[in-house]
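Remarks on the structure that follows.
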Amino acid sequence: MKKILGPLRRGVEKYEMIKPGDRIAIGLSGGKDSTALLVAMKRFQSFSPIPFELEGITLDMGFGGMDLTPLADLCAKLDVPYTIKKTKIGPIVFEERQEKNPCSLCARMKRGALHNLTIERGCRTIALGHHADDAIETFFLSLFYEGRINTFSPVTYLDRKDITVIRPLIFVKERDIISDSEMKNLPVIQSTCPANGLTKREDIKNMIKELRKTMPDMDDRVLGAIQNKEQCHLWF
């Protein structure tokens, strides 16, 4: 996982994501990104100069049809404690509320539940599998749909919960996760969310694919602008 581990280490060290003795919950959705994060963080743990512990956590969103056994087996193989918490977020958003924009409410509820589960498991840091492509997509989503310049930060401290959210894959390209030979042998569990593949983020992802055809260096330019404090004041 050289193309993943190198950028991961760079992100962790550049933004001082880990403190000695941290117990880090890894948010596992079953998708390739969070699974890659789990394996990479376990590998990084073995040579990191800073000692830390890992635990996997997953929210059962209540959609049904998702078998998380392969993910539980992977955690057991890696000797990482794993917790699944059942929720009714899916039925609340799609059946009770019948939201016209389900992703917004779902994301808010999911964040809150993940943060609470992190605390329940005795962790004060949660690691999410967002990578460089996600940062770029979020940048354009905010620009086009919210009318503001914004994206997520590599490290965010939530004072109300007293937990820290970290994104160790912030310098990892999605294509490097997809092409990694080790990743091809790891379990990927498809989402059963009714809105999967039909979101505004999917539209932005397709737009970016088209832009890359005429601007091959677009990703580096956008990431450079995001990191430049004088231009965007987004990452600190």
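Cβ-Cβ distance of Leu143 and Asn116, R₀ of 35 Å, FRET efficiency by 1/(1 + (r/R0)^6): the value works out to about 0.65. Separation of the range 164-233 and the range 30-78, taken as the distance between their Cα centroids, equals 19 angstrom.
For the range 93-228, the share of alpha carbon pairs falling in successive 10 Å distance bins from zero is 10, 32, 39, 17, 1 percent.
On the range 23-181, 50 percent of the accessible area sits on carbon and sulfur atoms, based on a 1.4 Å probe. The simple Förster model, with R0 at 25 Å and r as the Cβ-Cβ distance, assigns Met207 and Thr156 a FRET efficiency of 0.45. Considering helices alone, the calculated mean residue ellipticity of the chain at 222 nm is -13000 deg cm²/dmol, with DSSP H runs of length four and up weighted by -39500 (n - 2.57) and normalised per residue. Taking label points 7 Å from Cα along the Cα-to-Cβ direction, Asp79 and Ser104 give a separation of 4.7 nm. Computed over the Cα atoms of the chain, pair by distinct pair, the Kirkwood hydrodynamic radius stands at 18.6 angstrom.
How would the range 37-109 be classified by its alpha-carbon gyration tensor: rounded, prolate or oblate, with rounded meaning a/c under 1.5 and the a/b versus b/c comparison settling the rest? Before the final figure, lay out the partial values.
Details: a/c = 3.72, a/b = 2.20, b/c = 1.69.
In terms of gyration-tensor shape, prolate.
Return the FRET efficiency for the residue pair Ile92, Met218: r is the Cβ-Cβ distance, R0 is 45 Å, and the value is rounded to the nearest 0.05. Rounded to the nearest 0.05, the efficiency is 0.75. Since only Pro20, Pro70, Leu54 are under comparison, the one whose Cα sits farthest along the positive direction of the charge dipole of the range 1-71, derived from C-beta charges on Lys, Arg, Asp and Glu, is Pro20. Excluding ligands, DNA and RNA, the accessible surface per residue across the chain is 53 Å² with a 1.4 Å probe.
The values are calculated or read from the model by the stated rules, or taken from the named source; none is laboratory data. Owing to the predicted nature of the structure, the values given are computational and were not obtained by experimental measurement. We place every Cβ from the backbone using ideal geometry, glycine too, and count neighbours over all the protein chains shown. These area figures cover heavy atoms from the full protein model, side chains too; ligands, DNA and RNA do not enter into them. Shrake-Rupley method; radii C 1.70, N 1.55, O 1.52, S 1.80 Å.
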